[in-house]
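K.L.:
Below you'll find the structure I mean.
Just so you know, all these numbers are worked out from the coordinates, no wet-lab data involved. No experiment lies behind these values; they were computed from the predicted model shown. Cβ: placed from backbone, ideal geometry, glycine included. Neighbour counts: every protein chain shown.
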Amino acid sequence: MCIFYWGLTGYLFTECIQLCCLMYLYIPRITFCILILQKESTHVEYLPKMLRFKILMQLESVDAKKVAFLFFLFINILGLGYTILVTLLIFFTTIFITLPVICQNDSEYWSRVIVLLFILFNIAINLWFVTKKKSLYQKESIHYLPDSSWSECTNCGKIPPRTHHCPLCKHCILRRDHHCFFTACCVGEENQRFFIVFCFYCGVGCFYCLYLLCQYMPMANDADSMYSLFQYLLPIAVAEWMIGYIELSLFVCILTGWLCAVSGFVSFGIFLWQLFLASVGITSHEYDMGVWNYHYNIRHNLRSVFGRWWLLNFVIPLPCLRIQDTGHSESKYL
């Protein structure tokens, strides 16, 4: 058995090396597509002159722009589908496979189910608000005349400060932070608070489900203690499931555990980054450009994202709350 494990490990290591070589070859091509798609972005101005010249020469090809747009449109759909399917898989596995085994009685089972459903509700409703409350710039929504602080967009005309054009959304986005492929839309003025809470509950849900899965897997695994930890490596679990060494339920739990670990760290990382940006009153784009013109006190900055009762957003979404001055309009103190 030990020879089998070491042989399988060597084979998987070789495959990983080949995968890294493929990534080395294709990542520059994908990066090139990003630069083609975001040719109107000010980021292009900060590229080295030789690289910028090559990109601008390639941009003369309309087919290159179409290919880049279709590629990222596919990633857009794939990212949102991944978010929904992985979330359902994690919570389905935890509620219907893990909890019936580790819970001692019905009261413990239902109390944990209620906690999981509360987390799932907040994930789902905040994701819905992120995708529905898009921060699109519309001329009729601005009730004051443009001034010298406004800039010119080649697609949308005059736009207020902190507004940037998204080639995927095909609109200018108010206080645009970034385009999130996991939600298939831009994060901006109207939906940033829902995005931050969404990332928070994704991280909480993933780590709570991982905690429950770590209690379940030793109960379901009858292997010797010497190989029990080794079996939880995902490539080993795939191989053992394919040869029938472990049951499908245990394999699904191992897969779900790895998804929880990766998704939890990514979600909390994005949450902490977005919370830092909200506390200092800037966006990711402004941070990259070194623009700190909208940095006030923390209380004002958080209200400009979450509204007056900003902590309540972490209990239940509050779309009715208006936000304060965001740097491109008159103050809207509540």
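K.L.:
Applying the Karplus parametrisation 6.51 cos²θ - 1.76 cosθ + 1.60 with θ = phi - 60° to the phi angles of segment 157-165, what ³J(HN,Hα) value in whole Hz is obtained for each residue in order, glycine and proline being reported as x?
P.N.:
Residue by residue, segment 157-165 yields x, 5, 10, x, x, 6, 9, 9, 7 Hz.
K.L.:
Gain in length, N105 to C153, computed as 0.36 nm per residue apart minus the alpha-carbon separation, to one decimal in nm?
P.N.:
11.1 nm
K.L.:
Along Cα→Cβ, 7 Å out, is where each label goes; now give me the distance between the ones at W309 and F276 in nm to one decimal.
P.N.:
For W309 paired with F276, the spin-label model returns 3.1 nm.
K.L.:
Run the dipole for segment 187-310 about the Cα centre, Lys and Arg Cβ at +1, Asp and Glu Cβ at -1, nothing else charged, and hand back the magnitude in debye, nearest 20.
P.N.:
The calculated dipole for segment 187-310 is roughly 640 debye.
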